[in-house]
Structure formats: C-alpha cells, structure tokens
1. Run PRO214 past the list (1) assigned to a strand (DSSP E or B); (2) over 30 Å from SER287 (Cα atoms); (3) touching a residue at least 24 places away in the same chain (Cβ under 8 Å) and report the number of the one that doesn't hold.
2. For region 217-248, which positions are touching a Phe, Trp or Tyr at 6+ places or on another chain (Cβ under 7 Å) and assigned to a loop (DSSP other than H, G, I, E, B)?
3. Quick test for you: out of SER167, SER160, pick the one residue that is under 30 Å from TYR62 (Cα atoms), loosely packed, with under 14 Cβ neighbours inside 10 Å and small (Gly, Ala, Ser).
4. May I ask you to list the residues in region 226-241 that are surrounded by fewer than 15 Cβ atoms within 10 Å (Cβ to Cβ) and without any contact (Cβ under 8 Å) to a residue 24 or more places away in the chain?
5. Taking region 93-108, which residues are over 13 Å from SER300 (Cβ atoms) and exposed (fewer than 14 other Cβ atoms within 10 Å of the Cβ)?
6. Scan the strands (runs of 3 or more DSSP E) fully inside region 67-171 and keep the ones with 3 or more residues being under 29 Å from ASP333 (Cα atoms).
7. If GLY264 meets every condition in (1) at positive phi; (2) out of contact with any helix residue (DSSP H, G or I) (no Cβ under 9 Å at 6 or more places or on another chain) apart from one, which number is that one?
8. Restricting attention to region 263-306, which residues are under 27 Å from SER179 (Cα atoms), of a type outside the set (Gly, Ala, Ser) and surrounded by fewer than 17 Cβ atoms within 10 Å (Cβ to Cβ)?
Amino acid sequence: MTISTVTFQNNALNDIEAIESQVSQTQNQLSTGLTLQNAADNPVAMSQVNDLNVELSASQQYVTNGNSANTNLTLEEQALTNATNVLQSAQSLATEANNGSLNTSDRQDIATQLQQLLQQLVAVANTTDSNGNYLFAGTASSTQPFAQSSGSVTYSGSDSVSQIEISPNQFISQGDTGSSVFMNIPAGNGTFVTAAAATNTGDASIDPGTVTNPTAWVPDTYTISFTTPTQYQVTNSEGATVGSGTYTSGDAIAFDGAQVTISGAPAAGDEFTVSPAGTASAFTTISSLITTLNSTTLSSGQVTTQVSGALQQLGNAVTNIDNVQASVGARADAVSAANTSAQSEQTTLQSSVSQLSDTDYAAATTQLSTEELALQAAEESYASIAKLSLFNYLS
C-alpha cells in the first residue's frame with residue numbers, strides 16, 4: 001500500500017487536534033472544578049448526578065417549606081400567648097365580679113374593662129403576618145376572619161388550613177382556623193350547662209355541675225323545680241321525675257349520673273335547668289358576661305349563676321388555646337426534626353455528586369502535564385514529517 005506525503009500530514013494533524021482537545025478538556029476541568037461538563041463526558045455518571053441533583057433539589061425545597069411553616073407557627077404561638085393573657089385578665093375580672101357585696105355601679109365598671117378586653121381579643125384573632133395574611137383565617141388568609149358588631153363577633157374565615165410538605169410524605173398544618181381556636185369551644189363542663197330561669201324571684205344560684213357517673217348520664221334537658229323553698233324535684237324533658245328531695249343550701253343534688261350544687265334561698269316556683277352542652281365562642285362568653293354585669297334587673301342569684309358559668313367557660317377557652325399551643329409546639333418540633341434530617345441528607349447527596357463530578361486536581365494536573373508533553377512531541381514530529389519529500393533525495 002502506498003502512503004502519500006499528504007496522508008502523513010493529515011494523520012499528524014488529526015493526532016495534534018485530538019491531543020489539543022484533550023488538553024483543552026483537562027484545562028477546563030481544572031478551571032471549573034468539574035470533570036463532568038456534559039453527558040458526552042461520562043453518560044452513566046451524568047445520569048447519576050442528574051438523579052442526585054433532583055433529590056437534592058427536593059430536599060432543599062422541604063427545608064424551605066419547613067422554614068416557612070416555622071415562621072407562621074412562631075407568629076401563631078405568640079398570638080395564642082397574647083390571647084391567653086387576655087382571657088386570663090377576663091377571668092380575674094369575672095372572679096372579682098363574682099362577689100355578692102358589689103353594687104350595680106361596681107359591676108358596670110368591671111363590664112367596661114371587659115369591653116376593652118373583648119376588643120383586644122378580636123384584634124389578636126385578626127393577627128396578620130408580614131405579608132398581611134391573617135393567621136387565623138385558614139385557607140382564606142386574605143380575608144379578615146373576625147368582625148365585631150356591637151357585642152357580636154362573627155367568623156368569616158375558612159374552616160380548613162393549608163398543608164405543607166416538610167419531608168417525603170410528611171405534611172403539617174401551617175396554622176389553625178379561627179373557628180377551632182376561638183369559636184367552637186366546649187360549653188359548660190363539656191357535658192352539660194346549667195342556668196337559672198329568668199323568672200326566678202329567689203336569690204339562689206346553681207354551679208356548673210359535674211358528671212359523677214358517665215355510664216348513668218342521659219343527655220337530656222332537666223328542670224330542677226322548687227315546689228317550696230325547701231323542696232325540689234328534678235324532671236326530664238318528658239316530664240318524668242328523676243329526682244327529688246329536701247333542699248339545703250350548698251348540698252349536692254344528684255340525678256342520672258349528674259350532680260349540681262344550688263346555693264342561696266330559692267323561692268317557690270324557682271327553676272334551674274341542666275341541658276346538654278354545645279359549643280360557645282370566647283367572644284360570646286365575654287360579651288354575655290358584659291351583658292350580665294350591666295344588667296339592673298337580674299337577681300343576685302341569677303348574676304352569680306351567670307358569672308360562675310362565664311368563669312367556667314373562660315377556663316374552657318384557656319384550656320382550648322393551651323391545647324392548640326401544644327399542637328403548634330409539636331408541629332414546630334416536627335419541622336425542626338425534618339430540617340435536621342434533610343440537611344444531613346443534603347450533605348450525603350452533595351458528597352455523592354462531588355465524587356462523581358468534581359475534579360481530582362492532583363490527577364488532572366498530572367494528566368495535563370502528560371498531555372502537554374504529548375502535544376509537544378506531536379508538533380515536533382509533524383514538523384519533521386512536513387519536511388519529508390522524495391525530491392529532497394533526487395539530485
């Protein structure tokens with residue numbers, strides 16, 4: 001086979017170009033710190049790096065989600081603390097009002113202070129974050145959840161909350177609805193509520209009562225009627241007598257697994273009711289207490305009954321907020337644990353990506369030196385070949 005001078009030159013030039021390409025690639029690896037510039041460098045390794053980067057991006061998003069949730073939860077926790085402080089102040093005023101020696105003016109002064117606390121509680125319930133979103137509006141975060149009109153407070157927020165993913169398949173609530181925090185609070189003792197009839201003429205009062213035997217309790221509306229100041233009977237909603245006896249102030253009256261205490265001097269015909277508990281809002285509790293203390297027509301027994309009931313209900317509101325706060329704390333702990341786990345995972349993923357794509361500077365430097373020597377030799381070889389010609393040997 002005949003090999004021409006042109007063939008020699010072309011082969012030599014191809015070799016030089018190939019070595020120059022290798023030198024350029026190695027120099028690029030040293031300057032960028034990456035051995036993988038594109039899929040052609042190492043298709044298998046590049047595929048692995050892409051998969052790892054997808055996992056890394058997802059993990060970083062979980063941390064971002066967790067930080068966002070934690071910011072909201074921190075704001076909510078502070079708002080709940082503020083709400084508790086307001087309710088505890090209301091409890092103190094209700095305790096002060098639950099004193100038979102106070103006159104109408106004294107009670108009205110307390111009512112004025114309670115009115116201020118009611119406004120404060122509405123303001124807390126309408127707390128916003130730095131973006132103007134309402135903390136207790138649920139998914140309707142741009143809508144003011146609570147509006148006060150006279151003594152009535154209404155809720156216009158959503159009854160659902162946004163869920164955010166903080167780790168694979170782990171979601172938490174970013175907040176709590178205003179209805180669950182301030183509105184739907186168990187009334188009375190959680191099982192039943194007590195009340196004194198508006199027509200009572202005596203000065204007896206009834207306490208919130210307790211359930212002494214849950215298995216014997218029959219949810220119903222019961223009426224305790226005084227046939228004389230010292231005789232009573234208890235009837236259910238069907239008019240059947242379920243208890244009766246001689247009344248002594250401060251003694252317990254028991255029936256159908258329930259027990260209540262009536263104190264004071266009832267008049268013949270006075271009645272007290274025991275009915276199944278529903279729910280009540282913290283706002284309604286304070287508003288009703290204000291109405292009670294401003295009244296000039298209620299008997300001392302009716303005032304005592306209603307103030308005692310308000311104290312019970314304020315305690316329920318504080319307990320409800322305490323439970324929500326415990327839930328907020330648990331969610332914050334979950335975010336912290338998820339973030340710690342995600343950050344540890346990110347370190348592992350980044351290490352794996354680095355092993356696959358980062359430049360080994362010592363090896364690359366040695367390789368570059370070898371390639372530069374090879375390039376120099378190829379260029380010198382080409383220079384020698386370029387001078388070769390048969391005419392050089394003919395004379």
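1. For PRO214, the failing item is (1).
2. Scanning region 217-248 gives THR230, ASN236, TYR247.
3. Values: SER167 fails: loosely packed, with under 14 Cβ neighbours inside 10 Å.
Just one listed residue meets the conditions, SER160.
4. Within region 226-241, THR230, GLN231, SER237, GLU238, GLY239, ALA240, THR241 meet the criteria.
5. Of everything in region 93-108, those that are over 13 Å from SER300 (Cβ atoms) and exposed (fewer than 14 other Cβ atoms within 10 Å of the Cβ) turn out to be THR95, SER105.
6. 163-167
7. (2)
8. The answer is PRO276, THR279, THR291.
Here, each number is a calculation from the coordinates, and none is a lab measurement. Keep in mind the model is a prediction, meaning the values are calculated, not measured. As a convention, Cβ positions derive from the backbone with ideal geometry for all residues, glycine included, and neighbour counts pool all protein chains shown.
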